[in-house]
Amino acid sequence: MRSVTLDYANMLSPNLGGRGLDPLELEGGLAEAFRRAYDDVESRRRSGEMGFFSLPDARESARAVQELADGFGQWFENLVVLGIGGSALGTITLRDSLLGPYWNESDDEARDHYPRLYILDNVDPRTVSSLLDRLDLRRTLFNVVSKSGSTAETMSQYMVVEDRLHEILGEEPTRGHFLFTTDPESGILRKIADEEGVPTLAVPSNVGGRFSVLSAVGLLPAAVVGIDIMEVLDGARDMAQRCQASVLKENPAGLLATLLHQADTVQGAPIHVLMSYSDRLRSFAAWYQQLWAESLGKARDREGREVNRGPTPVPAVGATDQHSLLQLLMEGPRDKVVLFLGAGGAEDPVEIPAIRQDFSALSYLGGHTLSELLDTEREATMEALRQQGRPNLSLEVDDLTPRALGELFMLFQIATVFAGALYGVDPLDQPGVELSKKLTYGLLGREGYERPQLGIGDHDWRV
């Protein structure tokens, strides 16, 4: 049973007034290019490099996560995840998509007595302090997520929290308030856990942060708040099976990667806007942004040659951003392709009452629902772009269930590695992030890192 459907008709030239892709190319040169990309990805998957492919079948690990969530995780009123980037975005998406925006504000009965779930994914002191000040830290579990165990932002948060717990608990050990999700063998968190008896979950060594949502990184917090993580994994496995096809037109991830790569490299549309028509999927668009940008934006290809490639992902939400971005999308530079993400199955579609019938500008709304209005606006915006010759495609989710979200995660992860092969870059590394980290270490005085000179010359250019 498929929960996610890809419709790419509005990427093709017959629907765009001659612009866009010739459908015959999907059975010719693009099919051949995809087959080469498919073979490359398959080789790397079989070698064990792309460990995220195996996560849906790692049921023993998932059962260990569930057991820890059902036991230790239920001792507390609150779970706070300390993480950044791939250590947080997937968890935020799971919470927001499947529990809704007001989960933490609901009372115990409405939450079925599961803990509240907070994610601190930045080191803004106002945000950190305001959350820690309002929670009862005695009744809070902190899940510290860092594969390396040395992520500056996450470890700073950890140190702040541990110090606060010491102030509250006195001589009582703080280890009972921590759970570490980290490398299975090495790193600072692993060392602390081994020495002090902090419970841990492992991030597989062959799974990078932005591909880790289906590991303990995302599954533990989800399980603690009652999300059916086995259903999430079932959906991911279903999508992985759909994407085993080596024929381009039968492979949804292959089509997604190929169409967007072609839009960038041939049609001059390097800006890829993911516009979700569901508030619950706002966070998914942010998760996609990191996945697409960090995986594909590379200065050099896998042979070491300078290429400076990569599309620019932009998250958006409908219908809100019809009132901010749409004018640019419709009449601005033809350098964008829009991915529409629609979600059906609203629990309460909210009927619009048939009142104010004496106003023609309002009377037509009565008898419809907010759900119907939102979906109609999505369809109308897709058609408006099509009529302007602006490429767009649609992803439709039958219902926002754990299984459907698992399908979405896996679809985009596989599309990302296919796109990496098409671009000729390594989608698993992120060398461009390292310089900023090194400069930060030097400025803060970390041992082994020289303090850098900022800027050039001694003239003050500030106004």
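The values are calculated or read from the model by the stated rules, or taken from the named source; none is laboratory data. Quantities reported herein were computed from a predicted structural model and do not represent experimental measurements. Don't worry about glycine lacking a Cβ; one is built from the backbone with ideal geometry, like all the others, and counts go over all protein chains shown.
Of the residues examined, ARG390 is not one that is at pLDDT below 95, touching a helix residue (DSSP H, G or I) at 6+ places or on another chain (Cβ under 7 Å) and in the same structural domain as TYR277 (by TED's automatic domain parsing). When ALA269, ALA253 are checked against the criterion of being outside any helix (DSSP H, G or I) and among the aliphatic types (A, V, I, L, M), ALA269 stands alone in meeting it.
Would you point out the residue of region 47-103, among those that are among the hydroxyl-bearing types (Ser, Thr, Tyr) and either outside any loop (DSSP other than H, G, I, E, B) or assigned by TED's automatic domain parsing to the domain that holds LEU291 (or both), that is surrounded by the fewest Cβ atoms within 10 Å (Cβ to Cβ)? The qualifying residue surrounded by the fewest Cβ atoms within 10 Å (Cβ to Cβ) is SER47.
Within region 402-418, the presence of a residue that is touching a residue at least 12 places away in the same chain (Cβ under 8 Å), part of a helix (DSSP H, G or I) and out of contact with any helix residue (DSSP H, G or I) (no Cβ under 7 Å at 6 or more places or on another chain) is excluded. In the set ALA240, ALA245, only one residue is surrounded by fewer than 19 Cβ atoms within 10 Å (Cβ to Cβ) and in the same structural domain as TYR8 (by TED's automatic domain parsing); that residue is ALA245.
Among the criteria (1) in a helix (DSSP H, G or I); (2) out of contact with any Ser or Thr (no Cβ under 9 Å at 6 or more places or on another chain); (3) of a type outside the set (D, E, K, R), the one GLY18 does not fulfil is (1). Listed by first and then second residue, the pairs with beta-carbon distance under 8 Å, at least 6 apart or on different chains, first residue in region 117-135 and over 16 Å from ASN78 (Cβ atoms) and outside the structural domain of GLY85 (by TED's automatic domain parsing), second in a strand (DSSP E or B) and aromatic (Phe, Trp, Tyr), form an empty list. For beta carbons closer than 8 Å, sequence separation of 6+ or different chains, a first residue in region 343-362 that is assigned by TED's automatic domain parsing to the domain that holds LEU99 and a second that is exposed (fewer than 11 other Cβ atoms within 10 Å of the Cβ) and outside any loop (DSSP other than H, G, I, E, B), there are no qualifying pairs.
Filtered by the rule that a residue be of a type in the set (Gly, Ala, Ser) and surrounded by 24 or more Cβ atoms within 10 Å (Cβ to Cβ), region 199-211 gives a lone residue, GLY209. Screening region 5-20 for residues that are modelled with pLDDT under 95 and in contact with a helix residue (DSSP H, G or I) (Cβ under 7 Å, 6 or more places away or on another chain) and picking the one that is surrounded by the fewest Cβ atoms within 10 Å (Cβ to Cβ) gives ARG19.
I'd like to check something: does region 373-395 contain any residue that is in a loop (DSSP other than H, G, I, E, B), under 26 Å from the mean Cα position of the chain (by Cα) and over 30 Å from MET330 (Cα atoms)?
So in region 373-395, the residues in a loop (DSSP other than H, G, I, E, B) come out as 388-391.
This time we only want the ones that are under 26 Å from the mean Cα position of the chain (by Cα), so: 390-391.
Among the residues that remain, those that are also over 30 Å from MET330 (Cα atoms) are: none.
Checked region 373-395: no residue is in a loop (DSSP other than H, G, I, E, B), under 26 Å from the mean Cα position of the chain (by Cα) and over 30 Å from MET330 (Cα atoms).
Among the listed residues GLY149, GLY176, identify the single one that is farther than 23 Å from GLY90 by Cβ and in the same structural domain as GLU77 (by TED's automatic domain parsing). Step by step, each of GLY149, GLY176 is checked, and only GLY176 is farther than 23 Å from GLY90 by Cβ and in the same structural domain as GLU77 (by TED's automatic domain parsing). Looking only at region 419-458, count every residue that is surrounded by fewer than 19 Cβ atoms within 10 Å (Cβ to Cβ) and assigned to a helix (DSSP H, G or I) and tell me the total. Number of matching residues: 14.
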